[in-house]
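Written below as structure tokens is the structure these notes are about.
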Amino acid sequence: ALSRDLRRMRFAYESAGLCPLGVGALAGVNYKNDRDFLASALGFDGTTPNSMDTTADRDFALDFLYASSVLGMHLSRFCEELVLWSTAEFSFVKLSDRVTTGSSIMPQKRNPDVAELIRGKTGRLYGNLITLLTVMKGLPFTYNRDMQEDKEPLFDSIDTVKLSLEGMIEMLKDAAFNEAVLRRAVYRNFSTATDLADYLVKKGVPFRKSHEIVGNVVRHCEKTGEDFFTLPVETLRTFEPLISDDVKDVLDPASSTERKLSKGSTAKKEILAQIEALRAQLKK
């Protein structure tokens, strides 16, 4: 998601890359000027092609505000995961004291303040985008005084994005993931039930039937209190005689991801390939 945000930010950068200077306030100017020289001297990629459109245009600001809004949404979703995962009920991750504070009434509680603040800033980014879209929606060509309202949402979003990214970096830098708790969580809630259904399909059982069989196995475990992941093969065969000793590996969550064969899946080799692709992208 963040790689897509980077592409959107690059597009916003490029859309702001044409120099507007020298077009005048409406239809051009009546004396010679060298717009190409101005653009080159100021580091622009070129000049805007039409004087009336240049004066009326704020698309370059809207491109950035849109990119910022989507980035904010992605960061907010990430922060929501961290807020949830850092609760006592999950304990998947512990955030450092640098990005958390103690509760005002509960001495044992660590509030994930930075994550919550970044999550909250997303509404501000949305508001800035809507503000400028609303300003621009009814304006005729060319310049209108309404357009002076472009500065505040644009500059505020720039500051908000920078602050949010800095907060994310600080938060993730020292985040400690509790691997033992994460591993235990995988061995709950019948996480490999679909693997068992796929196993039966490979044995020739239609998926509709295998789905029903696995549902019956799950209900059996819920009723008897037996552990789904260590059910004896003999017990499983009472539900479907085609089940054999190789089912033990199928039920084990540790081997589940390695059975994923599609490109971009959660198999380890695919994850490593994605990491390398992202690293190469960041070097561009």
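The values are calculated or read from the model by the stated rules, or taken from the named source; none is laboratory data. None of the values given here were measured: they were computed from a predicted structure. All Cβ positions, even for glycine, are placed from backbone atoms using ideal geometry, and neighbour counts span all protein chains on display. Just so you know, the surface numbers come from the protein's heavy atoms only, side chains and all, with ligands and any DNA or RNA stripped out. Shrake-Rupley method; radii C 1.70, N 1.55, O 1.52, S 1.80 Å.
In a DSSP loop and with at most 12 other Cβ atoms within 10 Å, the GluC sites (Glu not before Pro) in the range 50-98 are E89. For the range 147-226, rounded, prolate or oblate, judged on the Cα gyration tensor with a ≥ b ≥ c (square roots of eigenvalues), a/c < 1.5 rounded, else prolate if a/b > b/c? It comes out prolate by the Cα gyration axes.
Which one, N50, N30, N144, has the greatest fluctuation when you compute a Gaussian network model over the chain with C-alpha springs under 10 angstrom? Looking only at N50, N30, N144, the largest GNM fluctuation is found for N30.
Using Cβ point charges alone (K and R +1, D and E -1), the dipole size of the range 144-226 about the Cα centre works out to roughly 1000 debye. Converting phi to 3J(HN,Hα) with the Karplus coefficients 6.51, -1.76 and 1.60 and the offset θ = phi - 60°, the range 187-204 yields 8, 9, 6, 6, 5, 10, 4, 5, 4, 5, 5, 5, 4, 5, 4, 5, 7, x Hz in sequence order, with x at every glycine or proline.
Considering only P253, P153, P232, the mean-square fluctuation computed in a Gaussian network model of the chain, springs between alpha carbons under 10 angstrom, is largest for P232. A helix-only calculation puts the chain at -18500 deg cm²/dmol for mean residue ellipticity at 222 nm, using -39500 (n - 2.57) for each DSSP H run of at least four residues, averaged over all residues. Only one residue of A176, M9, F229 has its Cα farthest out toward the positive end of the dipole of the chain, where Lys and Arg carry +1 and Asp and Glu -1 on Cβ, and that residue is F229. Counting charges near K269 (Lys, Arg +1; Asp, Glu -1) among other residues having Cβ under 14 Å from its Cβ returns a value of +1.
Normalised by the number of residues in the range 43-156, the mean separation of alpha-carbon contacts (under 8 Å, six or more apart) gives a relative contact order of 34 percent. Heavy-atom accessible area for K151, with the other protein chains in place and a 1.4 Å probe, reaches approximately 90 Å².
Compared with the alpha-carbon gap, the fully stretched path from L278 to V218 is longer by 17.7 nm at 0.36 nm per residue. The lysines whose alpha-carbon is closer than 30 Å to the alpha-carbon of K162, local same-chain residues fewer than 8 away aside, are K94, K109, K121, K137, K151, K173, K283, K284.
Given a 1.4 Å probe and the protein chains as shown, L165 ends up with an accessible area of around 70 Å².
With the charge dipole of the range 1-144 set up from +1 on Lys and Arg Cβ and -1 on Asp and Glu Cβ about the Cα centre, the Cα lying farthest toward the positive end among the listed residues L65, F90, G24 is that of F90. Apolar share of the accessible surface for the chain: 57 percent from carbon plus sulfur atoms, 1.4 Å probe.
All Cα-Cα distances of the chain, cut into 10 Å bins from zero to the largest, leave 6, 18, 20, 18, 16, 11, 7, 3, 1, 0 percent in each bin in turn. The charge dipole of the chain, taken about its Cα centre with unit charges on the Cβ of Lys, Arg, Asp and Glu (plus for the first two, minus for the last two), comes to roughly 360 debye. For the range 1-123, the solvent-accessible area works out to 61 Å² per residue, with a probe of 1.4 Å and every protein chain left in place. Taking all protein chains into account, the per residue accessible area for the range 175-223 stands at 67 Å² (1.4 Å probe). Distance between the C-alpha centres of the range 214-255 and the range 61-106: 38 Å, rounded to the whole angstrom.
Ligands, DNA and RNA excluded, the heavy atoms of V29 present near 50 Å² of accessible surface to a 1.4 Å solvent probe. Whole-Hz Karplus values for the range 16-30 come out as 9, x, 9, 7, x, 4, x, 8, x, 8, 7, 10, x, 10, 9 Hz, taken residue by residue from phi with 6.51 cos²θ - 1.76 cosθ + 1.60 and θ = phi - 60°; glycine and proline positions read x.
At a Förster radius of 35 Å, what calculated FRET efficiency corresponds to the Cβ-Cβ distance of T235 and A176, to the nearest 0.05? With R0 = 35 Å, the Cβ-Cβ based efficiency is 0.35.
Treating each Cα of the range 87-195 as one equal point scatterer and applying the Debye formula with no solvent, the log10 of I(q)/I(0) at q = 0.14, 0.15, 0.22, 0.23 Å⁻¹ comes out as -0.76, -0.81, -1.14, -1.18. Close amide H pairs (under 5 Å, H built 1.01 Å from N) link C19 with D45, G46, T47, T48, residues at least 5 positions away or on another chain. Determine which lysines satisfy two conditions relative to K268: a Cα distance under 19 Å, and not lying fewer than 8 residues away in the same chain. Correct list for K268: K260.
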